[in-house]
Every structure is written in structure tokens, then in C-alpha cells.
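Data block below; observations after.
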Protein chains: 2
Amino acid sequence: MADIKTAPPPSFLREAELRQAIELLFYAYRDFTSDPDAILASYHFGRAHHRVIHFVGRNPGMTVSELLAILRITKQSLARVLGQLVRRGFIEQRHGQRDRRQRLLYLTAKGTELERALSQPQRGRVARAFRDAGPEAVAGYRKVLLGLIEPSEREKVLRSILRE
Amino acid sequence: MADIKTAPPPSFLREAELRQAIELLFYAYRDFTSDPDAILASYHFGRAHHRVIHFVGRNPGMTVSELLAILRITKQSLARVLGQLVRRGFIEQRHGQRDRRQRLLYLTAKGTELERALSQPQRGRVARAFRDAGPEAVAGYRKVLLGLIEPSEREKVLRSILRE
DNA sequence: GGAATAAGTCAACATGGCTGACATAAAGAC
DNA sequence: GTCTTTATGTCAGCCATGTTGACTTATTCC
């Protein structure tokens, strides 16, 4: 306990660095999410529809409750976009066989096709960024983003993401 | 041109990795942006107000046009939140001296105080993630996020971010 | 058989985007 | 010195997407 002075934070934890990191996240997310807007607009869909299509595509057979937990919205909000997607034939609902109260969600062929079209420019953007940054930078990106996720959610997210 | 076969992409560019990167961005942004919600709600403000306060705080004396370009919204949308912030004394507008048509934007003392309160949990979250991930991961995070930004915007963003 | 759960639905409202039309003041062009 | 352009503000209405609250239906669990 000889040295009671608080050491200054290492440079990568200084306030300016943190602020820069925050702004980078804003700009990257802003540009990343705008990629599919033109396609969505041509279907008269919005970003909310895209999120639903994305997660149902990634988790075929997921329940409505699971989707709600991921999106962090109310079932009334979800009902609007999900209903449109079902009525227009992009998503199909089947009864669970274990639990017939559940409605398991699946993309139809049409839904899968739209999902591919929507994600294509985003995958391209990420691929370019990854290629330019190199594999070590990519590892760092993943590590930091995972650390930004609410700790209590981290396990669940990891399991969901890593499932092939 | 002996080998005409296309080589498989290196593992960090495979489709599954790209998808994981996309989902990480979604989850991290979701949790990151929810931090200041409780504070905002206590002022009857929303995330739109936070964005304005953040960027005016970061760029004192910026013009309305510059703010519009960063936020990518219309002036009518901005007018709603900006008007409230000005009327309630969080942001101050001064005439430009070079160009008196411009309204230069500044946080008031009250605005600065709110900005600190709003950003505090976010800075904490980023600081923890950075500390846990280490400086090399942080460098990678920055590299990749910068690469995700629209190339034509990258210079401008960098200049804006790095300005102290 | 009754309580709890998964999902759906209706209504009303808030936030924060949008377009279009128009006003004002100042700057810049000639 | 007028004319055009630019920076900003404002009104009106619409749309997308979030919220709360109340209620229903079907099914499962105890």
C-alpha cells in the first residue's frame, strides 16, 4: 500500500478513446443498417420486418416468445409486422408438436429468398471490412462486441450465434 | 492461369462468420443503446434527444446542416427534438459571425450535465469491454468498425471523431 | 377441474421518421 | 442594387414502430 495515488488509465481506456469507440459504433451501425432499405421499401416493408426475417431465418422453428426476447419488443408490436409477413407468405407458422400452444416460426421459400437479398449487401459490407482489417482485427472486433453485450445475456447470445 | 478454381474464402470470411459478426453488432448495439433510456425517460426525452445532445456536445458550434448530415434525418424531424432541447434550456443557438444565417449549436451548462449523465453508463460499458478484451482487441474493433462505415464518409467521420 | 402459460387481438397513444409547401433572413452573383 | 441561392424555421399531415392495458382462446400442468 505504498503508492496510494490512482494510476492514470492506460491510453486505450482514456475518455477520448471511449468516446471515439462510441461514435464509431454509431456510424458503423447507421451505415450498416441502411443497406437493405431500398429493397425493403420496394416490398413496403421496414427494418422491423427485416429483423424478424433475419432471426426467423437464423432460428427456424423458434417460438414467438423467443423472438420477442431477442427483439425486446412487446408482442403487440411484433404482431403487426409478423402478421404482415405471414399473410404475405414470407413466414409460416406451425403448431409445436410437443406443445401445441406454441407457434413455431419458419421462413417460406419466398421468405428465404428475401432474406438472402436483404442480407447480401450487409454481408458484402462486413466481408470487405473484415478483409481489409485482417483476421486479428476480426478477432478483436468479436471480443469487444461480445463484451458490450449485457453480461447476463452473453451466454444465451453466444449459444444462439454459434449454432450452425 | 493454371488454377482456375476459386479458392475457398479464408475462415474468417466464411458466410457463418459474417453472419455471426452481423448478429454481434445487433446485440451489442441493442444493449449499448438501452443504457441511458431510464434517465432519458425521467426527462421525457427519447433516444433522438440523446443523439442530438451527444453530437452537439462533441462538436460545439456545429451548424444545423452539419448535424442533419450526421444524423441523416430531415430538418423537420430534427426541429421537433432540437426545439424542445432549446426551449427547455439544454442547447443554445447563436448566430454565426462569419455567416449570420447559420445557427451555431452549443450545450448549456445544464446540457453538458445531462450529456455526462447519459454517456456515463455507456462509457462504463465500453470501458469494461475494452479492459476485458485488451488493447490489441480494441485496435481490431476500431479497424473493423471504421471499415464498416461508408467509404465516401470515412474521412469525414475520422476527422470528426479524432478532433479533440 | 382449475390455474398457469403461449399466443392473438383490439384500442389508444407516443416517438420519431417522412413529404410537401411556404416564410424569413442573409449571402453571393452580376 | 436587384436577383438568386442558401441556411434555417415552420405548418400540416402521414407512416412506421414502439408502448400500455384489457381481454380471448387454446393448451398444458398440477
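The values are calculated or read from the model by the stated rules, or taken from the named source; none is laboratory data. Just so you know, these numbers come straight off a predicted model, no measurement behind them. Neighbour counts run over all protein chains shown; Cβ positions are idealised from the backbone, glycine included.
Answer yes or no: is there a residue in segment B:54-62 that is within 12 Å of DNA strand D (Cβ to nearest atom) and crowded, with 16+ Cβ neighbours inside 10 Å.
Looking for residues that are within 12 Å of DNA strand D (Cβ to nearest atom) and crowded, with 16+ Cβ neighbours inside 10 Å, one finds at least one in segment B:54-62, hence yes.
Give the residues of segment A:68-85 that are near DNA strand C (Cβ under 8 Å from one of its atoms) and either more than 21 Å from the chain's Cα centre (by Cα) or within 14 Å of another protein chain (Cβ to nearest Cβ) (or both), sorted by residue number.
If the condition is that a residue be near DNA strand C (Cβ under 8 Å from one of its atoms) and either more than 21 Å from the chain's Cα centre (by Cα) or within 14 Å of another protein chain (Cβ to nearest Cβ) (or both), then A:L68 is the only one that fits.
Could you identify the single residue in B:L24, B:L40 that is in a helix (DSSP H, G or I), within 8 Å of chain A (Cβ to nearest Cβ) and more than 15 Å from the chain's Cα centre (by Cα)?
B:L24
For segment A:98-152, give me each residue that is farther than 24 Å from B:S152 by Cβ, more than 7 Å from chain B (Cβ to nearest Cβ) and part of a helix (DSSP H, G or I).
Scanning segment A:98-152 gives A:A109, A:K110, A:G111, A:T112, A:E113, A:L114, A:E115, A:R116, A:P151, A:S152.
Pairs, please: C-beta under 9 Å, at least 6 apart or cross-chain, first residue more than 14 Å from A:G124 (Cβ to Cβ) and in the same structural domain as A:F90 (by TED's automatic domain parsing) and in segment A:31-57, second within 15 Å of DNA strand C (Cβ to nearest atom) and polar (S, T, N, Q)?
A:H44/A:Q84; A:F45/A:Q84; A:R47/A:T33; A:A48/A:S77; A:H49/A:Q84; A:H50/A:T33
Looking for something acidic (D, E) and assigned to a loop (DSSP other than H, G, I, E, B) - is there at least one such residue anywhere in segment B:78-93?
Within segment B:78-93, the first condition is being acidic (D, E), and the residues that meet it are B:92.
This time we only want the ones that are assigned to a loop (DSSP other than H, G, I, E, B), so: none.
Scanning segment B:78-93 turns up no residue that is acidic (D, E) and assigned to a loop (DSSP other than H, G, I, E, B).
Does A:L148 count as closer than 23 Å to B:G134 by Cβ and surrounded by fewer than 21 Cβ atoms within 10 Å (Cβ to Cβ)?
No: the conditions fail for A:L148.
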